[in-house]
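Trainee: Could you have a look at this structure, given as structure tokens, before my questions?
The values are calculated or read from the model by the stated rules, or taken from the named source; none is laboratory data. Computed from a predicted structure; not experimentally measured. FYI the Cβ positions are ideal-geometry reconstructions off the backbone, even for glycines, and counts take in every protein chain you see. Calculation scope for accessible area: heavy atoms of the full protein, side chains included, ligands and nucleic acids excluded. Shrake-Rupley method; radii C 1.70, N 1.55, O 1.52, S 1.80 Å.
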Amino acid sequence: MADKAVADFGLIGLAVMGQNLILNVADHGFTVCAYNRTTSKVDRFLENEAKGKSIVGAHSIEEFCAKLKRPRRIMLLVMAGKPVDQFIESLLPHLEAGDIIIDGGNSHFPDSNRRTKYLAEKGIRFVGSGVSGGEEGARYGPSLMPGGHEEAWPYIKDIFQSISAKSDGEACCDWVGDEGAGHFVKMVHNGIEYGDMQLICEAYDILKRGLGLPTNEIADVFAKWNKGVLDSFLIEITRDVLYYNDNDGTPLVDKILDKAGQKGTGKWTAINALDLGMPVTLIGEAVFSRCLSALKDERIRASSLLQGPAVPEFTGDKQAFIDDLEQALYASKIISYAQGFMLIQEAAREYGWKLNKPSIALMWRGGCIIRSVFLKDITNAYRNNPDLENLLFDDFFNKAIQKAQSGWRNVVSKGALWGIPTPAFSTALSFYDGYRTRDLPANLLQAQRDYFGAHTFRIKPEHANENYPEGKDIHVNWTGRGGNVSASTYIV
Ligand code: 6PG
């Protein structure tokens, strides 16, 4: 084939995200080669959006690979799952040792672990990269979270960091870690996104049903919040959604069917948290809230069968309650991010990845869906102390939660009294109270487990003695001779 290697970067998959990413790369001075399985899309793209830019096209995988400079840098933006493996297989016969394949889809991180190993055996460097920010982000600066075969990083760093979003002049893109670490961090990002969205929806519900505010006034509240500690992309789009009226002049949001969809990344985060034994409760509640919303027909039946309190007319100081709600959202958000970072920390330990918390916070600061002013404070917290055991131990966040606490408790209790569900606010508060409790009732739980299943328990150090030695697994015959428990104790 006479094709000359002219392109610095190749991208497969010309859906909107793919097209926008190509345009973004081309705008930064690189020549890009575009390919799509349905090749008419390549022609259409070249004749329209790509016209006059440093973009070439290919009509076969062979031609595509021939047009790329070595080592080839190929990005796949195709549907996660089988299509990624299929494209990898079709590329392999045309690649050389050292070439780089980047998967930019929302792939499950165990798949990226597997692909990194599989391709390394063939001399190909694989990168699984989180790409966040939707169509706009892809075009003008996404947040990029690459991980995989680290040898690939020097070859893609320049392109990735020039096309990514910038926050205070710093690129929202850095090397995340080995194997599927990039996709893992993107998965947690999405889980946190689920949590943030659920918290916003609960605040909206309280403003709507608890305070009885009309939609445009709720939009005003979000507009104001977007100028304070909650300043973020998701609050901003919520404001815009609430201001948006249909042709008949009424808010479109009121007409949208209340059944939430989901593609699975939030669920993966919750499952992973369970697998690693981490109490990432807020993301879990956010996923279950979507599941509950999806049971619309059943909920309609339940709404006429099951009783609860009627929401009373609000008589107090509305503005003071709205301020409490802002604090409840802020405090719950702090808990959610603290939980997300607990999961990241545990994953690093479990999978042997060197995950850099300050740079993860920086990657999320701009370009992505969860971008916010708040992430700057998280970046600062981890920069001040990269070994910070828990985000809540940082002085800034510790004080912020302290300040938010009374408003937060007020909102959660009002939700319960009014019968308005606040699963994310409530679980965040329960987590906070559980986390700061020195003695939880798990002593009783351990006794129950030992009673019915001889699962054993350990004694509190301050109560240890020769019958109950510290650090030993102890079993008691709970139905044995009353009073003389030590006689029926044994140590495993
Ligand atoms: C992003 C988003 C993106 C995804 C949404 C949709 O970072 O740009 O996270 O990856 O489109 O998360 O996810 P659900 O359909 O599961 O809500």
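Trainee: Size of the dipole of region 54-177 about the Cα centre, Lys and Arg at +1 and Asp and Glu at -1 on the beta carbon, nothing else charged, in debye to 20?
Mentor: It works out to roughly 200 debye.
Trainee: Please give the helix 233-243 orientation as an angle from the longest Cα principal axis of the chain, in degrees from 0 to 90, rounded to the nearest 10.
Mentor: Relative to the chain, helix 233-243 is tipped by roughly 90 degrees.
Trainee: Asp254 to Asp205: extension gain in nm, 0.36 nm per residue of separation minus the Cα-Cα distance?
Mentor: 16.5 nm
Trainee: Report, in degrees rounded to the nearest 10, the 0 to 90 angle that the Cα long axis of helix 423-435 makes with the longest principal axis of the chain.
Mentor: Computed tilt is about 60 degrees.
Trainee: Multiply the residue separation of Ala15 and Asp439 by 0.36 nm, subtract the distance between their alpha-carbon atoms, and state the gained length in nm to one decimal. Don't skip to the end; give the middle numbers.
Mentor: Working: separation 424, 0.36 × 424 = 152.64 nm, distance 5.38 nm.
Fully extending the segment from Ala15 to Asp439 adds 147.3 nm.
Trainee: I want to make sure I understand the PRE zone here: with the label point 7 angstrom from the Cα of Leu417 toward its beta carbon, which residues in region 280-320 have backbone N atoms less than 15 Å away?
Mentor: Zone members listed by number: 309-318, 320.
Trainee: Taking θ as phi - 60°, what are the ³J(HN,Hα) couplings along region 287-295 by the Karplus curve (6.51, -1.76, 1.60), each to the nearest whole Hz, with x for Gly and Pro?
Mentor: Running phi through 6.51 cos²θ - 1.76 cosθ + 1.60 with θ = phi - 60° gives 5, 5, 5, 5, 4, 4, 4, 5, 7 Hz.
Trainee: Here is a follow-up. Report the accessible area of Glu350, computed with a 1.4 Å probe over the heavy atoms of all protein chains in place, in Å² rounded to the nearest 10.
Mentor: Ignoring ligands and nucleic acids, Glu350 comes out at about 110 Å².
Trainee: If amide hydrogens are placed 1.01 Å from N in the peptide plane, which non-local residues have theirs closer than 5 Å to the one on Asp178?
Mentor: Amide H neighbours of Asp178, under 5 Å, 5+ apart: Gly148, Lys354.
Trainee: Another one. Rounded to the nearest 20 Debye, what is the dipole magnitude of the chain about its Cα centre when Lys and Arg each give +1 and Asp and Glu each give -1 at the C-beta?
Mentor: Around 380 debye, computed over the chain.
Trainee: If you don't mind, another one. Give the lysines whose C-alpha is closer than 30 Å to that of Lys376, dropping any in the same chain fewer than 8 places away, or say none.
Mentor: Within reach: Lys157, Lys166, Lys186, Lys224, Lys227, Lys263, Lys267, Lys333, Lys354, Lys357, Lys399, Lys403.
Trainee: Let me ask you something else. Long-range amide H contacts for Asp103: which residues qualify at under 5 Å (H placed 1.01 Å from N, peptide plane, sequence gap of 5 or more or a different chain)?
Mentor: Amide H to amide H, under 5 Å and 5 or more residues apart or across chains, Asp103 pairs with Leu76, Val127, Gly128, Ser129.
Trainee: Then there's this: Starting with the highest mean, order 41-47, 385-391 by the number of other Cβ atoms within 10 Å, averaged over the residues of each peptide.
Mentor: My ranking of the peptides, most packed first, is 41-47, 385-391.
Trainee: Quick one: what are the phi-derived ³J(HN,Hα) couplings along region 195-210, Karplus 6.51/-1.76/1.60 with θ = phi - 60°, whole Hz, x for glycine and proline?
Mentor: x, 4, 5, 5, 4, 5, 5, 5, 5, 4, 5, 5, 5, 6, 8, x
Trainee: Still on this model: Can you give the convex hull volume of the alpha carbon atoms of region 17-152 per residue, in Å³?
Mentor: 102 Å³
Trainee: For Asp43 and Asn380, what is the calculated FRET efficiency with R₀ set at 41 Å and r taken between the beta-carbons, to the nearest 0.05?
Mentor: Result of the calculation: an efficiency of 0.25.
Trainee: Using a 1.4 Å probe, how large is the accessible area of Thr479, given in Å² and rounded to the nearest 10?
Mentor: The accessible area comes out at roughly 100 Å².
Trainee: In degrees from 0 to 90, rounded to the nearest 10, what is the angle of the helix 296-305 Cα long axis to the longest principal axis of the chain?
Mentor: Helix 296-305 sits at roughly 20 degrees to that axis.
Trainee: In addition: Between Glu62 and Glu350, what FRET efficiency follows from the Cβ-Cβ distance if R0 is 51 Å, with the result rounded to 0.05?
Mentor: According to the calculation, E is roughly 0.80.
Trainee: Sort Ser143, Ser60 from largest to smallest accessible area, using a 1.4 Å probe on the heavy atoms of the protein chains.
Mentor: Details: Ser143 0, Ser60 40 Å².
Highest to lowest solvent-accessible surface, that is Ser60, Ser143.
Trainee: Next question. Using a 1.4 angstrom probe on the protein heavy atoms only, could you order Tyr204, Tyr435, Tyr330 from most to least accessible area?
Mentor: The most accessible residue leads, giving Tyr435, Tyr204, Tyr330.
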